[in-house]
Amino acid sequence: MLGKKPDWLKKRIKVDNTNISEIRELIGGSNLNTVCQSAKCPNIFECYSRKTATFMLMGDRCTRNCTFCGVDTGKPLPLDKEEPVKIAQAVKKMGLRYVVLTSVTRDDLADGGASHFAATIREIKKKNEDCYIECLIPDLKGDATDLETILSEDITVLNHNLETISGNYARVRPKASYKSSLDILKNAKRSRENIYTKTGFMLGLGENLSQIKKLLEDIRSTGCDMVTIGQYLRPSASNTEVIKYYSPQEFREVGNLAEKMGLKAAVSGIFVRSSYHAAELLDRIRMDS
């Protein structure tokens with residue numbers, strides 16, 4: 001059992017409450033979901049205050065039972081066919097130049113929801129031609145054809161999270177495959193050389209330094225461009241326990257290690273999440289190219 005949480009886990013930010021209210025009303029009024037709310041993200045108020053949000057497609061119930069995740073598990077509702085249009089309208093109203101789309105895992109759908117991603121991308125581009133789109137996708141059960149359905153659309157970044165070291169999969173991602181997740185990143189680069197690929201993982205689930213290095217080696221072997229690294233924070237008492245709280249210095253060291261090992265950009269910090277400051281990360285990597 002871990003003792004008292006260290007002081008560095010206290011997040012202190014200045015926020016614009018007006019923007020927070022506007023985003024909440026817009027999302028709630030359109031019956032849209034954000035991963036910010038569903039996954040209990042610690043950055044929700046910071047991102048909302050900056051008029052940014054990660055839209056979560058296809059409802060708020062996941063067909064998987066990953067033990068680290070705060071998203072509800074259960075039988076999903078039918079797809080909302082109007083959701084792509086609603087999201088495109090929300091993007092327009094928010095004046096976004098960068099949009100992150102993600103989803104719950106929908107193993108109940110034949111294509112894992114790939115066509116719904118594609119439809120949403122097309123609708124966003126119709127109303128927001130200059131908008132960059134990042135898709136943070138589930139594993140689509142490893143189906144390369146479904147991955148191609150998304151890659152054939154006008155997206156700038158394909159993001160798929162490995163989440164943790166391979167040795168933790170049976171415990172925290174029992175229905176997922178480490179190899180399949182690596183293959184998604186590898187196949188995305190093979191299919192579209194000009195696309196940026198990105199992944200993320202958590203620390204605090206019982207990994208050691210040699211296992212972190214192996215994870216980074218595997219990520220680099222796919223040709224992946226960017227990685228986000230954050231602290232695992234237990235969403236509820238029913239989720240898997242935190243094994244270790246990493247210090248800010250340790251996060252800096254892991255981030256530096258990632259870049260030394262060949263990743264073009266690494267963002268590593270306690271509260272870093274997959275889509276945290278996503279636009280800024282893309283700007284950084286494009287400037288360095």
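The values are calculated or read from the model by the stated rules, or taken from the named source; none is laboratory data. Treat the numbers as computed from the prediction; the structure is a model and nothing was measured. In this analysis, Cβ positions are derived from the backbone assuming ideal geometry, glycine residues included, and neighbour counts consider all displayed protein chains. These accessible areas exclude ligands, DNA and RNA; they are computed on the full protein's heavy atoms, side chains included. Shrake-Rupley method; radii C 1.70, N 1.55, O 1.52, S 1.80 Å.
For segment 209-237, the candidate set comprises residues that are over 29 Å from ASP72 (Cβ atoms) and of a type in the set (S, T, N, Q); within that set, the residue that is least open to solvent (accessible area, probe 1.4 Å) is THR222. Evaluating ASP130 against the criteria (1) surrounded by fewer than 22 Cβ atoms within 10 Å (Cβ to Cβ); (2) free of Cβ contacts under 8 Å to residues at least 60 places away in the same chain; (3) over 24 Å from TYR196 (Cβ atoms); (4) not polar (S, T, N, Q) leaves one unmet condition, (3).
State the number of residues belonging to segment 193-208 that are under 25 Å from GLU280 (Cα atoms), open to solvent by 20 Å² or more (accessible area, probe 1.4 Å) and modelled with pLDDT of 95 or more.
Of the residues in segment 193-208, the ones under 25 Å from GLU280 (Cα atoms) are 193-203.
If we keep only those that are open to solvent by 20 Å² or more (accessible area, probe 1.4 Å) as well, we get 193-194, 196, 202.
Imposing the further condition that a residue be modelled with pLDDT of 95 or more reduces the set to 196, 202.
The qualifying residues number 2.
Of all residues in segment 81-108, exactly one satisfies the criterion of being touching a Gly at 6+ places or on another chain (Cβ under 8 Å) and open to solvent by 20 Å² or more (accessible area, probe 1.4 Å), namely THR105.
Among the candidates GLY262, GLY255, which residue alone is over 17 Å from the mean Cα position of the chain (by Cα), part of a loop (DSSP other than H, G, I, E, B), at pLDDT 95 or above and not hydrophobic (A, V, I, L, M, F, W, C)?
Just a single option satisfies the conditions, and that option is GLY262.
Among the residues of segment 238-269, write down those that are buried (at least 18 other Cβ atoms within 10 Å of the Cβ) and hydrophobic (A, V, I, L, M, F, W, C). Passing the criteria: VAL242, PHE251, VAL254, ALA258, LEU263, ALA265, ALA266, VAL267.
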